[in-house]
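The values are calculated or read from the model by the stated rules, or taken from the named source; none is laboratory data. This one's a predicted model, so the numbers in the text were calculated from it and none came from an experiment. So basically every Cβ, Gly included, is an ideal-geometry build from the backbone, and we count neighbours across all protein chains shown.
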Amino acid sequence: MSELEYYKENGYVLKQSFFDAGEIANILNEAKGVFLRQFKAKGYFENSTSLEDVSEKSFNSALFRLFQEDFQCLSNCGKQVQHLIDLHRLSLDERIVSTIRSLGMETPVVSTRPVLFFNHPKLAKEKVYHQVDAHQDWRSMQGSLNSMVVWIPLVDVPLDLGALQVLPKSHLMGLRTDHIHQGFGMVKLTPEEEKSLMSVEVKAGDALFFSSFLIHQSGQNASENPRWSTHFRYNDLNESTFVQRGYPHAYIYRPVGEQLTPDFPSLEQVKATFK
């Protein structure tokens, strides 16, 4: 069975060692660096501390502390990591583009900007923010019928870190979403389907390509470490129903109206920036 035939039959393809581990580590470190700057500003670490000097345990402790002490700052950091240049560059990498073409997309187009997750029960005010039950991505995308998701772990993700669980062949059942919760198209599984879920353990550098109709869910993270991952979404401009529907776009991007930092900046601060 060819890779394309396997994808069409099962709804997903796992590409092991798809990226060099160093490439992925670079993106992970850039993301962690966003948080580290705030840790240092808040006095969690000495100002001279670099990421190489901080153990994973110490970094995670600071991350959990920030969640407890300044959730708004944590949220802001979480927003900034979505806009890392290397992350966006990876989403446009020719290795990804050529693979999604080989899996049936004639003219790929980005569905929405990249998403980078750092999931852990200690970093979530609601379960859906660290463990999402069975869902389909098409309902939030609403794009081409052959739309695709590329899920990339930034760390090794074994079972105890909450490995992704997929329901093979479920993409052939069509749209099963019965409601939307926090942007996720939730699906009610039958007892038989729950038994058929398959955990996909992955390593940093692997890439999971799957149909936006594939039913999947995140496993439970029972470890002391966040599950760092990213995913990219794509539509096909040549898919006939997407063309006929006039290319609907389900995402809304707009700036907030209020000034986020009151009385900022002063004239002196602006002038000092350009000295």
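Given the criteria under 30 Å from Tyr247 (Cβ atoms), free of Cβ contacts under 8 Å to residues at least 60 places away in the same chain and either not in a strand (DSSP E or B) or not acidic (Asp, Glu) (or both), does Gln82 qualify?
yes
Exactly one of (1) out of contact with any Phe, Trp or Tyr (no Cβ under 8 Å at 6 or more places or on another chain); (2) polar (S, T, N, Q); (3) surrounded by 13 or more Cβ atoms within 10 Å (Cβ to Cβ) is unmet by Gln244. Its number?
If we test Gln244 against (1) out of contact with any Phe, Trp or Tyr (no Cβ under 8 Å at 6 or more places or on another chain); (2) polar (S, T, N, Q); (3) surrounded by 13 or more Cβ atoms within 10 Å (Cβ to Cβ), just (3) comes out false.
Output the residue which, of all residues in the range 41-74 that are touching a Leu at 6+ places or on another chain (Cβ under 9 Å) and not in a helix (DSSP H, G or I), is nearest to Pro226 (Cα to Cα).
Among those residues, the one meeting the criterion is Val54.
Tell me the residue from Asp156, Asp178, Asp137 that is free of Cβ contacts under 8 Å to residues at least 60 places away in the same chain and over 15 Å from Gly219 (Cα atoms), please.
Residue meeting the stated conditions: Asp178.
With the structure loaded, tell me whether Val115 is part of a loop (DSSP other than H, G, I, E, B) and within 15 Å of the chain's Cα centre (by Cα) or whether it fails that test. Full working, then the answer.
Working: part of a loop (DSSP other than H, G, I, E, B): no; within 15 Å of the chain's Cα centre (by Cα): yes.
Considered against the rule, which asks whether it is part of a loop (DSSP other than H, G, I, E, B) and within 15 Å of the chain's Cα centre (by Cα), Val115 comes out as no.
Go over the candidates Asp236, Asp206 one by one and state the one that is more than 16 Å from Met141 (Cα to Cα) and surrounded by 14 or more Cβ atoms within 10 Å (Cβ to Cβ). Quick ask: steps written out before the conclusion?
On the way: Asp236 fails: more than 16 Å from Met141 (Cα to Cα).
Checking each option against the conditions leaves just Asp206.
Answer yes or no as to whether Gln217 is surrounded by fewer than 16 Cβ atoms within 10 Å (Cβ to Cβ) and under 30 Å from Arg65 (Cα atoms).
Criteria not met by Gln217.
Could you list all residues from the range 213-231 that are part of a strand (DSSP E or B) and within 17 Å of Gln136 (Cβ to Cβ)?
His216, Gln217, Ser218, His231
Conditions tested, residue by residue: (1) in contact with a helix residue (DSSP H, G or I) (Cβ under 8 Å, 6 or more places away or on another chain); (2) more than 22 Å from Ile96 (Cβ to Cβ).
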{"site": "Asp137", "(1), (2)": "no, no"}
{"site": "Leu161", "(1), (2)": "no, yes"}
{"site": "Lys169", "(1), (2)": "yes, yes"}
{"site": "Phe184", "(1), (2)": "yes, yes"}
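Considering the range 184-211 alone, what residues qualify as being among the β-branched types (Val, Ile, Thr) and part of a loop (DSSP other than H, G, I, E, B)?
Hits for the range 184-211 are Val187, Thr190.
Might you let me know whether the range 242-254 holds any residue that is hydrophobic (A, V, I, L, M, F, W, C), in a helix (DSSP H, G or I) and either farther than 15 Å from Gly11 by Cα or touching a Lys or Arg at 6+ places or on another chain (Cβ under 7 Å) (or both)?
yes
Filter the range 247-269 down to the residues that are surrounded by 10 or more Cβ atoms within 10 Å (Cβ to Cβ) and within 29 Å of Cys73 (Cα to Cα) and list them by number.
Ala250, Tyr251, Pro265
Here is a yes/no grid of residues against (1) in contact with a Phe, Trp or Tyr (Cβ under 8 Å, 6 or more places away or on another chain); (2) free of Cβ contacts under 8 Å to residues at least 12 places away in the same chain; (3) surrounded by fewer than 19 Cβ atoms within 10 Å (Cβ to Cβ):
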position: Val109; (1), (2), (3): yes, no, yes
position: Ala124; (1), (2), (3): no, yes, yes
position: Gln131; (1), (2), (3): no, no, yes
position: Leu145; (1), (2), (3): yes, no, yes
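So, of the residues in the range 213-264 that are among the small types (Gly, Ala, Ser) and free of Cβ contacts under 8 Å to residues at least 12 places away in the same chain, which turns out to be nearest to Leu28 (Cα to Cα)? Step through it out loud before you land on a result.
Let us first name the residues in the range 213-264 that are among the small types (Gly, Ala, Ser), namely 218-219, 222-223, 229, 240, 246, 250, 257.
Filter once more, keeping what is free of Cβ contacts under 8 Å to residues at least 12 places away in the same chain: 240, 246, 257.
On the way: Ser240: 38, Gly246: 37, Gly257: 32 Å.
The selected residue is Gly257.
Scan the range 16-37 and give yes if some residue there is among the aromatic types (Phe, Trp, Tyr), crowded, with 19+ Cβ neighbours inside 10 Å and part of a helix (DSSP H, G or I), otherwise no.
Scanning the range 16-37, I find at least one residue that is among the aromatic types (Phe, Trp, Tyr), crowded, with 19+ Cβ neighbours inside 10 Å and part of a helix (DSSP H, G or I), so the answer is yes.
So, in the range 232-249, how many residues would count as being within 23 Å of the chain's Cα centre (by Cα) and either modelled with pLDDT under 95 or charged (D, E, K, R) (or both)?
2
Residues Val109, Val97: which one is of a type outside the set (Phe, Trp, Tyr) and outside any strand (DSSP E or B)?
Val97
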